[in-house]
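Novice: Here you go, one structure.
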Amino acid sequence: MMLFGEYIMYKKRRIIYLIMLLLCSSFAISYAQISNYKMRTIGKHNDEALAVFINKDNTMMATGSQDETIKLWSLPDGKELKTLVGHLGSVYNVSFSGNDRLLASGSEDQTVRIWDVNSGVEMKVMRGHTGPVIGVYFDQDNDPSLVASTSFDKTVKLWDIATGAEVKTLRAHTAPTNNVAYSYDGKTIASASDDSTVRIWSTDLKKDAPLMVLRGHRAPVLTVVYSFDSEMIASSDANGEVIIWDAKNGGILRKFKAHNDLVQDVAFAADNKTLVTGSLDNHVKLWDISGPILLMDMDIGVGVWGVDIVSNASIIAIACDDGSIRLLTKGVEPVIKKGKK
Amino acid sequence: MKKILILTLFCLPFLFINAQSQLVQAVVSIGGRVYNITNNQPLSVNIEIFDQNGQRINKIKSNATDGSYFITGLKPGTTYEIRFSDFDYMKYSYSIQIPATDKYVEYSKDFLIIPKKTQTKILIPVKLFETHKSKLKYGADLFLSDYINLLKLNPTVKIKIVSFPDDNANPQDNLALTQQRGSSLKDYFVSNGIDAQRISFEGNESTDPDNPPPTGRASKGKKYIGSTYLIIEGF
């Protein structure tokens, strides 16, 4: 039997826990409010917007849509600059080259296309995948030479952008490959797949086998991205989980349930610890991955297919399933130093 | 002895030049996989490589286990034709221009080959039409050129274009739309040199049972346009 004194102590402890919990929650709410991102819709595609990519100097972004077009927008003002037409199917992904001069797009029509950003002219149509192209990512070198793509045909392909030639096919995934990312040091490529793995490949074209197979997701992995220092990889899956991996050894640094629905896109800010996630649960969230600490949670009201963030995290770009392209623009710098873990 | 020495000295520069040119003459290789278009299974088929003068320079067979093949000894800056001419499969040809390079390079290319069998169903993997429209989309010629080449290389093959609608709203409208789509595609083939007698078409009142429109959550992010198939009717 519990003595009366022990009972009082037990109750006290519970009250203290409750107070601590309330405090933590209020800090988290305060942080999200003080982060003060304001949302505005800058334009619309004629069908679901599936992807967004901000260029390196944060002056432009590209969006891809089920309406088969790509749109270029200026930043920070959000003016629609150009509509690029040519694909014969949904544009699933877009990526700027490291020097911001070229744009790659991947489409349901099984092609990877290269566009000149200034003129909007289609420079190359690269055919070789035998399924829809889901992911594209440019080599982030200042003088880019390659673009990587992933497809429902389970492969990762590398294309020479000067000649349009298919220079490598990487095969090891056992299910469709969903997305791909180039490391910023140019040494590796990461691919995400329905086989629930992330595979790391060397950019040395003589190597065929993956350098590492990252296992930890329990659902199809939808996207993958490197931090700007190439030290970490973030991936997200169809269960709403996000994993932060050590890019050097493949170890799991953080694993957390970020959303209640699939997370189609994630992006790092330049500090390499702020991560934005977007989900079909209608939420866009900002995380400090060192916790992870939830810095901001905004209900967009529609499903989110694509997110990207400018270097200093002051603007988040969103591609929505109602076709709208939205910007979350930060008003005031947050001052509170604590948040919910 | 003196003569041999003179001869050796005389030949040395030529040997040196030859060795140098060997170093400069880079070699290009191409590798990939060959699959059956109907089931994506790897295929073991004969592959022939012809140079731009029509001279056969190599003949290999793809690996039965994984469909892999590897062709080497190709010269930079040259155009080659890779031909598939197995008895059991439709003839297929792919022209590849090897970019100019001064170092060893490997290129990659996968092939989908069509079995020579009546009623083989080939799904055209791109959306040739807009929703509820029957006019071929701008840019469709890039993809349709593959089928024109195929029909030209296999001149006895007869095909049927089978088109499916984008929804199940109105069966009569759907039939009319899909027949118009079939007709558009046939006209395109005919205008590109294919005999009209080789092509028939068929419309449908309802959506493709083998590739139905996604419903509920699965429809998110997917735009459904009715499928178009080419069915091999005879040889």
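Novice: Quick one: is A:HIS45 farther than 21 Å from A:VAL304 by Cα and within 14 Å of another protein chain (Cβ to nearest Cβ)?
Specialist: Details: farther than 21 Å from A:VAL304 by Cα: no; within 14 Å of another protein chain (Cβ to nearest Cβ): yes.
No.
Novice: Search the stretch A:108-124 for residues being under 21 Å from A:TYR182 (Cβ atoms) and free of Cβ contacts under 8 Å to residues at least 40 places away in the same chain, and hand back the single one that is farthest from the other protein chains (Cβ to nearest Cβ).
Specialist: Residue satisfying both the conditions and the ranking: A:ASP116.
Novice: Among the residues that make up the stretch A:107-121, is at least one of them assigned to a strand (DSSP E or B), modelled with pLDDT of 95 or more, surrounded by fewer than 23 Cβ atoms within 10 Å (Cβ to Cβ) and of a type in the set (D, E, K, R)?
Specialist: Yes, some residue in the stretch A:107-121 is assigned to a strand (DSSP E or B), modelled with pLDDT of 95 or more, surrounded by fewer than 23 Cβ atoms within 10 Å (Cβ to Cβ) and of a type in the set (D, E, K, R).
Novice: Just for the stretch A:274-283: of the residues that are in contact with an Asp or Glu (Cβ under 7 Å, 6 or more places away or on another chain) and touching a residue at least 40 places away in the same chain (Cβ under 8 Å), which one is nearest to A:SER314 (Cα to Cα)?
Specialist: To start, the set of residues in the stretch A:274-283 that are in contact with an Asp or Glu (Cβ under 7 Å, 6 or more places away or on another chain) comprises A:274, A:278-283.
If we keep only those that are touching a residue at least 40 places away in the same chain (Cβ under 8 Å) as well, we get A:278, A:280-281.
Values: A:GLY278: 16, A:LEU280: 23, A:ASP281: 23 Å.
Checking each candidate, the answer is A:GLY278.
Novice: Out of everything in the stretch B:190-235 that is assigned to a helix (DSSP H, G or I) and among the basic types (Lys, Arg), what residue ends up being nearest to A:ASP261 (Cα to Cα)? So that I can check it myself, show each step before the final result.
Specialist: Just the residues of the stretch B:190-235 that are assigned to a helix (DSSP H, G or I), to begin with: B:190-191, B:196-198, B:216-219.
Those still in the list that are among the basic types (Lys, Arg) too: B:198, B:217.
On the way: B:ARG198: 50, B:ARG217: 11 Å.
In this case the residue turns out to be B:ARG217.
So that you can scan it fast, the table gives a plain yes or no per residue for (1) at positive phi; (2) β-branched (Val, Ile, Thr):
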position	(1), (2)
A:LEU170	no, no
A:ALA181	no, no
A:SER196	yes, no
A:ASP204	no, no
A:ALA209	no, no
A:VAL221	no, yes
A:SER230	yes, no
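Novice: Shifting gears a bit: Quick one: how many residues across the stretch B:192-212 are away from every other protein chain (no Cβ under 14 Å), within 20 Å of B:VAL126 (Cβ to Cβ) and not charged (D, E, K, R)?
Specialist: Qualifying residue count for the region: 8.
Novice: Which of the residues belonging to the stretch A:122-139 are surrounded by 20 or more Cβ atoms within 10 Å (Cβ to Cβ) and either among the hydrophobic types (A, V, I, L, M, F, W, C) or out of contact with any Lys or Arg (no Cβ under 8 Å at 6 or more places or on another chain) (or both)?
Specialist: Across the stretch A:122-139, the qualifying residues are A:MET126, A:PRO132, A:VAL133, A:ILE134, A:GLY135, A:VAL136, A:TYR137, A:PHE138, A:ASP139.
Novice: Among the residues of the stretch A:65-90, which ones are within 11 Å of chain B (Cβ to nearest Cβ) and part of a strand (DSSP E or B)?
Specialist: Here is the first cut: in the stretch A:65-90, the ones within 11 Å of chain B (Cβ to nearest Cβ) are A:65-68, A:85-90.
Correct list: A:SER65, A:VAL85.
Novice: Right, another one. Select from the stretch A:156-181 the residues that are of a type in the set (Ser, Thr, Tyr) and more than 8 Å from chain B (Cβ to nearest Cβ) and write down the one among them that is nearest to A:PHE53 (Cα to Cα). Please lay out each step first, then the result.
Specialist: As a first pass, look at the stretch A:156-181 and keep what is of a type in the set (Ser, Thr, Tyr): A:163, A:169, A:174, A:177.
Those left that are additionally more than 8 Å from chain B (Cβ to nearest Cβ): A:174, A:177.
Values: A:THR174: 28, A:THR177: 19 Å.
Of everything passing the filter in the stretch A:156-181, A:THR177 is nearest to A:PHE53 (Cα to Cα).
Novice: I'm checking my understanding of the structure. Among residues of the stretch A:159-210 that are more than 26 Å from B:SER29 (Cα to Cα) and acidic (Asp, Glu), which one is surrounded by the fewest Cβ atoms within 10 Å (Cβ to Cβ)?
Specialist: Here the answer is A:ASP185.
Novice: What number of residues within the stretch B:151-174 are assigned to a helix (DSSP H, G or I) and either surrounded by fewer than 16 Cβ atoms within 10 Å (Cβ to Cβ) or modelled with pLDDT under 95 (or both)? If you could, list the steps in order and put the result at the bottom.
Specialist: Taking the stretch B:151-174 as the starting set, the residues that turn out to be assigned to a helix (DSSP H, G or I) are B:151-153, B:171-174.
So of that shortlist, the ones also either surrounded by fewer than 16 Cβ atoms within 10 Å (Cβ to Cβ) or modelled with pLDDT under 95 (or both) come out as B:152-153, B:171-173.
Of the residues in that region, 5 qualify.
Novice: Can you name the number of the only condition in (1) facing chain A (nearest Cβ under 9 Å); (2) within 26 Å of A:THR169 (Cα to Cα) that B:SER93 fails?
Specialist: (1)
Novice: Among the numbered criteria (1) of a type outside the set (Asp, Glu); (2) within 20 Å of the chain's Cα centre (by Cα); (3) at positive phi, which one does A:LYS56 miss?
Specialist: (3)
The values are calculated or read from the model by the stated rules, or taken from the named source; none is laboratory data. These figures come from a predicted structure and were not determined experimentally. Don't worry about glycine lacking a Cβ; one is built from the backbone with ideal geometry, like all the others, and counts go over all protein chains shown.
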